[in-house]
Amino acid sequence: MEKKERGSFKGSIGFVLAAAGSAVGLGNIWRFPYLAARDGGGLFLVVYIILALTFGFTLLTTEIAIGRKTKQSPLTAYKQLSKKWGWIGIFSCVVPFMIVPYYCAIGGWVTKYFIAFLTGHGAEAAEDGYFGTFITGTKEPGIYMFIFLVICAAIIFKGVSGGIEKSSKVLMPILLALVVGIAVYSLTIKSTNDEGNIVTGIDGLKVYLIPNLEGVGVKEFFYTVMDALGQLFYSLSVAMGIMIAYGSYVPKEANLVKSINQIEFFDTAVAFLAGVMIIPAVFVFMGPDGLSTGPSLMFVSLPKVFLAMGPVGNVVGTVFFAMVLFAAVTSGMSLLEAVVSSLVDGFGLTRTKATVIESVLALVVGLIVCFGYNFLYFEYTLPNGSVGQILDIFDYVSNNILMPFLSIATCILIGWVVKPGIVIDEVTRNGEKFGRKSLYVAMVKVIAPVCLIFLLLISLNIL
Ligand code: PFF
């Protein structure tokens, strides 16, 4: 068979920005702040940072090293490490395949809000029922999802350095500047509450940063740790094939240890700053109750906050949703790439054919997800007790069941079957110093799989 030349990142910076672009997404901006608000503010932050430096670093290192060592897609990489464990690759490709459609559906919601604010309709987005009316609509969610999917697919279509690397180099610095700008602005706002007291952004920042240990017993602490662990998965883009695919495009001479530290730092910094953007603003205009709204924080509470800011709110809202859109696009395209690279390496398809096939499949499944709020509406109680529609079921199965399972299998393979030396040799192949080597070995062999088994048992409602 004719050997096609494999795409490659031109340099470490392009790789770090692309991987950070994948990691920084809706998880950082929409999920992290509401979890932090729910789980005792500063306490969640401390737990999250400790887990990121130990657990997150282990999984990120493992996947990127597998990718660069094998130079294969998620589907085909595991086979090269061990014939018997090649089946992990199927999960590693199925997970992103499942996530793409619903991530694009949510990406479509972000696109809709961005356009609403951009065209001066921010005040309407703040009205009660706006979000519900939009997502239950039969046409608009599908159209916006399609727009979002086309943007991601167009980038993937252009290849690794011409599409992924180039777009990340433009979008990520802009994203960072917008996040920092909005976070600083959020700290400067103030308003007078119902009791006539002035509430400032700094008061909100205190709620976010100072650990609230009221009512936190052993059980609550355990759940905070598990929430933080689940969030890490979501946030770092591990256990969904992406880091294997991106790792496979990294030049052999690049310093992986340094790149991994930078990706982790970028992802955690943006999650932290997302909290600084959102929590003080919501606290100033809606008080402590505004923070307990959970997942609807971004689409329901924030537009109300922008409205309360007065005329400047429409501008802040536009900038905010542009930033979220950039974050979602760089993540959406990485999910697509995980599947596309698997189709290329596993089935010998060209990138063009693979991109078209995956996009069409994502469109069809994505429409089913959108129709989950109207034609195909039903209520399903998930093992964690929450009631959800098709989107929530996809999210639960991929994030809470398949991803922990995939990571447990990867840890066993690396820790016990092929041995951690394979990863350590890959990240130190140019003589790099691997500072957390002993920690890595202990994590991949024992600590990570044990914690993940707990996470999986909780997700399945067995614990
Ligand atoms: N890590 C990205 C984010 O935080 O949004 C991308 C992502 C997360 C994709 C979770 C899919 C997913 F289920």
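The values are calculated or read from the model by the stated rules, or taken from the named source; none is laboratory data. Every value quoted in this text rests on a predicted model; they were computed, and no experiment measured them. Glycine gets a Cβ as well: all are built from the backbone with ideal geometry, and neighbour counts include every protein chain shown.
Numbers for the structure displayed
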read-out	value
Matching residues in region 144-154 - criterion: being more than 21 Å from TYR113 (Cβ to Cβ) and either surrounded by 19 or more Cβ atoms within 10 Å (Cβ to Cβ) or touching a residue at least 60 places away in the same chain (Cβ under 8 Å) (or both)	ALA153
Contacts under 6 angstrom Cβ, first residue in region 214-243 being in contact (Cβ under 8 Å) with a residue 12 or more places away in the chain and of a type in the set (Phe, Trp, Tyr), partner away from the ligand (no atom under 16 Å from the Cβ) and outside any helix (DSSP H, G or I), 6 or more apart	none
Condition broken by TYR380, with the remaining ones in (1) touching a strand residue (DSSP E or B) at 6+ places or on another chain (Cβ under 9 Å); (2) crowded, with 16+ Cβ neighbours inside 10 Å satisfied	(2)
Residue in region 355-372 that is at pLDDT below 95, under 19 Å from the mean Cα position of the chain (by Cα) and not hydrophobic (A, V, I, L, M, F, W, C) present	no
Within region 358-397, considering residues that are in a loop (DSSP other than H, G, I, E, B) and aliphatic (A, V, I, L, M), the one farthest from the ligand (Cβ to nearest atom)	LEU376
Selection from region 398-411 of residues that are hydrophobic (A, V, I, L, M, F, W, C) and more than 11 Å from the ligand (Cβ to nearest atom)	ILE401, PHE405, LEU406, ILE408, ALA409, CYS411
Residue within region 154-162 that is assigned to a helix (DSSP H, G or I) and within 24 Å of ALA274 (Cα to Cα) present	no
Filter pass, VAL315 being in contact with a helix residue (DSSP H, G or I) (Cβ under 8 Å, 6 or more places away or on another chain) and either part of a loop (DSSP other than H, G, I, E, B) or not aromatic (Phe, Trp, Tyr) (or both)	no
Elements of type helices (runs of 4 or more DSSP H) in region 175-249, at least 1 residues being acidic (Asp, Glu) and away from the ligand (no atom under 16 Å from the Cβ)	201-209, 218-236
Boolean, VAL344 is within 15 Å of VAL110 (Cα to Cα) and either away from the ligand (no atom under 16 Å from the Cβ) or of a type in the set (D, E, K, R) (or both)	no
Condition met for SER168 (of a type in the set (Ser, Thr, Tyr) and closer than 28 Å to LEU336 by Cβ)	yes
Yes/no for LEU291 being away from the ligand (no atom under 16 Å from the Cβ), modelled with pLDDT under 95 and either surrounded by 14 or more Cβ atoms within 10 Å (Cβ to Cβ) or under 19 Å from the mean Cα position of the chain (by Cα) (or both)	yes
Residue match in region 325-344 (condition: buried (at least 24 other Cβ atoms within 10 Å of the Cβ), modelled with pLDDT of 95 or more, under 15 Å from SER186 (Cβ atoms) and under 17 Å from the mean Cα position of the chain (by Cα))	no
Any helices (runs of 4 or more DSSP H) falling wholly within region 23-141 and containing at least 3 residues that are within 16 Å of the ligand (Cβ to nearest atom) and under 30 Å from TYR249 (Cα atoms)	57-70, 88-118
Within region 174-195, tally of residues that are more than 14 Å from MET286 (Cα to Cα) and free of Cβ contacts under 8 Å to residues at least 40 places away in the same chain	3
Some residue of region 252-275 being more than 30 Å from SER8 (Cα to Cα), of a type in the set (Lys, Arg) and surrounded by fewer than 21 Cβ atoms within 10 Å (Cβ to Cβ)	no
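Per-residue answers, yes or no, for (1) closer than 13 Å to ALA18 by Cα; (2) at pLDDT 95 or above; (3) within 25 Å of the chain's Cα centre (by Cα):
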| site | (1), (2), (3) |
| --- | --- |
| GLY142 | no, yes, yes |
| MET145 | no, yes, yes |
| ILE156 | yes, yes, yes |
| VAL170 | yes, yes, yes |
| TYR234 | no, no, yes |
| ALA245 | yes, yes, yes |
